[in-house]
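Read through the structure below, which is laid out as structure tokens, and then see the notes.
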């Protein structure tokens, strides 16, 4: 409960000692605020003489579009006949112009890229026009959640663009966007989105409340928020799905999920979710159901392989030689001959090498990254076998485990899988198979306790909800997907009109 | 905080347990693959073990293992282990044991002490092969065979391959089942070294754990036919003095029925249904016309051989076919002593029905 307040009654206290903020918040009057802003060079505030009056225009230079000021404001102002500030509203080509005396609002809007028009500097009465410059990048194809088939659109850093991308796919009035801001310093805009009439109010309220209760100064990315509002903040398992695909968000919303978008983050967070959702990819829905199911099972199998391959190798070679098949025992023994370490050290050494390679590769430019891959894979691999530092059987297992871990479509889950094998490995080295079983028991116990926005995390399996198994290990055909997942407890549970779908027409002569 | 403390205590106590389990890293142990026991003199036995030695390959494929076989003489009643360990550079582990051989002379005096060693050891699998050697186990284990494999794997494959075909199923588990079970006696294959091959000479019959006699290999098929249902066995039907036909069976089903079970003269009916196809024929007979005749000859021969087996078993007083167990399932008041007494006089009626399904592709 470090970042989340329990009672949300006191909204503007400075008890936490935000000295930086206290000064800004003390600027109760507009002139205080102006004098504070004038210390910054990018703040522009100048008087303009019109036909019948003078106005003062103030704005933050880098935040607004200078072209628009010249094109959309100044010509109209200079040519207008207004004598009063409120009359200006009719001359300026803007749909929404806020006329306010509220200092707080002026402060907030000005800092977000609005321009302020006043009669003179001391007058608290002002017009606010939105002229925010669009600095963001263009909508690009997804990079993290790439799919072969399907739409190639990914979210960008702008909240409005992201909402537009979703709205385009959801042209219904029930699609609701609730906006608020988080972060004491960053004041980042965040929007909770859901479909009214499908999403359970309880989920919407849980998410909204948790977002409102966030007490932290720096919210840059949605991944920060995920850690703060997850049910279990110490779990290695991500409890909310992040995605950069609008189509995925839309399908989740239609299932009855709730999502939120953070301004400045190209990842939308959705919940409540289950562990299975982290192993599903868009392609699962684009292929025929049995193909999709097969590939999903391959993916799950490779995750299991990735976690258990090296621990099992270590356990079997250290304690349970009886388990090795007769024909394999020769290969294993001769490949381990002369290796100076016990299997556990050997395996840890190689696992860490792979992790180092991966860490090095992730943050390198693509071209250098390839070189690292070749250097790591071929040179270190072959050399360490030839130098007798490791057995080639283990090298194969490690490489395959590393490869298998990449099949996880979700990057966060991918990291979890990477980490999970180490406790297993260490337990295998100390206790053999019993150690693996014990760590597995701990893991299962942990998963049983996990929740996502208060809903069980391993839901279709525990609690067993047979109808939700239609999209878990296998993905059944669309004809079997007539009901929304029970996990979300949707208000409207049916996806299709079953009567109409099953209606049999008579043969018409 | 309290939770964390409890967790730390639990984890550290786990770590304290680490010292209790001895690691057995595969390349730091000697894996015993075959054991041999022989009679040495009245108070000593000769124990032989075979362990593979794998060469270091330096990361380039597998190099053929060589067998290291050595024997020690031990006083009866003492374990061989201490003596064997004293000649080995690594601890000996019998978890991957494949085969145990017993010399015939030793087997006559009772095998159980030498089976009990592996029976109690949870490391040893229950499907390992046991065999009696006509001669000395040590000779076979020390022999250089022309096969690629080590002698242990060679013997194990030899026995297991035959159990899949015409030889009745047997392994450590089956032996122990028959040994401890009521109304049954165990058996094992009897091996013999013939020049550069080992041959299954027949079925070694046991009374309790004492070897008594053996059934020649020719009788393995009729024995198996009465012992269990199986397929893929092959059998030769003598058409006349010089001509034989080889039949491979598709299925062989055996069914037991017992009448007058509680009386002193129970009648046991053994009904066997054979279904097979003709594989080879050395005769000039046209098989197509004579299928019925071949079937009849086969039925008659199998019945005759089966009855010979039954007579021999009754005379020896051993019951590897588990007839006593069959009777027991019909008789509430069954007792081992009573069965042993009436077994030689029991009436067994064997009925074999044969169908030849196919006579090959050259019709």
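The values are calculated or read from the model by the stated rules, or taken from the named source; none is laboratory data. The model shown is predicted, which means the values in this text are computed figures rather than measured ones. Virtual Cβ from ideal backbone geometry, glycine too; neighbours counted across all protein chains shown.
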Would you check if there is a residue in region B:330-349 being in a strand (DSSP E or B) and loosely packed, with under 15 Cβ neighbours inside 10 Å? yes
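Conditions tested, residue by residue: (1) in contact with a strand residue (DSSP E or B) (Cβ under 9 Å, 6 or more places away or on another chain); (2) outside any loop (DSSP other than H, G, I, E, B); (3) within 28 Å of residue B:351 (Cα to Cα); (4) outside the structural domain of residue B:325 (by TED's automatic domain parsing).
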{"site": "B:148", "(1), (2), (3), (4)": "no, no, no, yes"}
{"site": "B:155", "(1), (2), (3), (4)": "yes, yes, no, yes"}
{"site": "B:162", "(1), (2), (3), (4)": "yes, yes, yes, yes"}
{"site": "B:169", "(1), (2), (3), (4)": "yes, no, yes, yes"}
Quick one: count up the residues across region B:88-128 that are under 24 Å from residue B:149 (Cβ atoms) and either without any contact (Cβ under 8 Å) to a residue 12 or more places away in the chain or surrounded by fewer than 21 Cβ atoms within 10 Å (Cβ to Cβ) (or both). 12
The listed residue being closer than 15 Å to residue A:262 by Cα and crowded, with 16+ Cβ neighbours inside 10 Å, out of A:175, A:114, A:155: A:155
Name every residue in region B:36-57 that is out of contact with any helix residue (DSSP H, G or I) (no Cβ under 8 Å at 6 or more places or on another chain) and more than 14 Å from every other protein chain (Cβ to nearest Cβ), in order of residue number. B:40, B:41, B:42, B:43, B:44
Just name the residue that is nearest to the other protein chains (Cβ to nearest Cβ) out of those in region A:342-391 that are out of contact with any helix residue (DSSP H, G or I) (no Cβ under 7 Å at 6 or more places or on another chain) and assigned to a loop (DSSP other than H, G, I, E, B). A:388
Step by step: first the residues of region B:9-29, then only those that are within 11 Å of residue B:91 (Cβ to Cβ) and more than 7 Å from chain A (Cβ to nearest Cβ), then the one that is modelled with the lowest pLDDT. Which residue is that? B:22
Test set (1) surrounded by fewer than 22 Cβ atoms within 10 Å (Cβ to Cβ); (2) under 19 Å from residue B:201 (Cα atoms) - residue B:70 fails condition number: (2)
May I ask you to verify whether residue A:190 is outside any loop (DSSP other than H, G, I, E, B), assigned by TED's automatic domain parsing to the domain that holds residue A:268, surrounded by 15 or more Cβ atoms within 10 Å (Cβ to Cβ) and under 16 Å from the mean Cα position of the chain (by Cα)? yes
Answer from A:105, A:134, A:138 - the residue that is more than 22 Å from residue A:49 (Cα to Cα), touching a strand residue (DSSP E or B) at 6+ places or on another chain (Cβ under 9 Å) and loosely packed, with under 15 Cβ neighbours inside 10 Å: A:105
Check on residue A:143, at pLDDT below 90 and either within 17 Å of residue A:243 (Cβ to Cβ) or not assigned by TED's automatic domain parsing to the domain that holds residue A:54 (or both): yes
Is there a residue in region B:251-262 that is out of contact with any strand residue (DSSP E or B) (no Cβ under 9 Å at 6 or more places or on another chain), in contact (Cβ under 8 Å) with a residue 12 or more places away in the chain and within 18 Å of residue B:361 (Cα to Cα)? no
Residue A:387 vs. criteria within 22 Å of residue A:313 (Cα to Cα) and loosely packed, with under 14 Cβ neighbours inside 10 Å: yes
Of the residues that make up region B:212-235, is at least one surrounded by 14 or more Cβ atoms within 10 Å (Cβ to Cβ), more than 20 Å from the chain's Cα centre (by Cα) and without any contact (Cβ under 8 Å) to a residue 60 or more places away in the chain? no
So for region B:278-292 (the condition being in a helix (DSSP H, G or I) and surrounded by fewer than 18 Cβ atoms within 10 Å (Cβ to Cβ)), does at least one residue qualify? yes
Residue list for region A:102-135, filter: farther than 17 Å from residue A:43 by Cα and part of a loop (DSSP other than H, G, I, E, B): A:102, A:119, A:123, A:124, A:125, A:134, A:135
Residue that is nearest to the chain's Cα centre (by Cα) [pool: residues in region B:97-123 that are within 14 Å of chain A (Cβ to nearest Cβ) and at pLDDT below 90]: B:118
Are any residues in region A:425-454 surrounded by 22 or more Cβ atoms within 10 Å (Cβ to Cβ) and more than 14 Å from chain B (Cβ to nearest Cβ), and if so, which ones? A:425, A:452, A:453
Could you identify the single residue in A:317, A:312, A:300, A:328 that is more than 14 Å from chain B (Cβ to nearest Cβ) and either outside any loop (DSSP other than H, G, I, E, B) or surrounded by 19 or more Cβ atoms within 10 Å (Cβ to Cβ) (or both)? A:300
Just one of (1) assigned to a loop (DSSP other than H, G, I, E, B); (2) under 20 Å from residue B:170 (Cβ atoms) trips up residue B:262, so point out which. (2)
The strands (runs of 3 or more DSSP E) lying entirely within region A:223-291 that contain at least 3 residues which are buried (at least 20 other Cβ atoms within 10 Å of the Cβ), touching a residue at least 60 places away in the same chain (Cβ under 8 Å) and within 13 Å of the chain's Cα centre (by Cα) are A:241-243, A:258-262
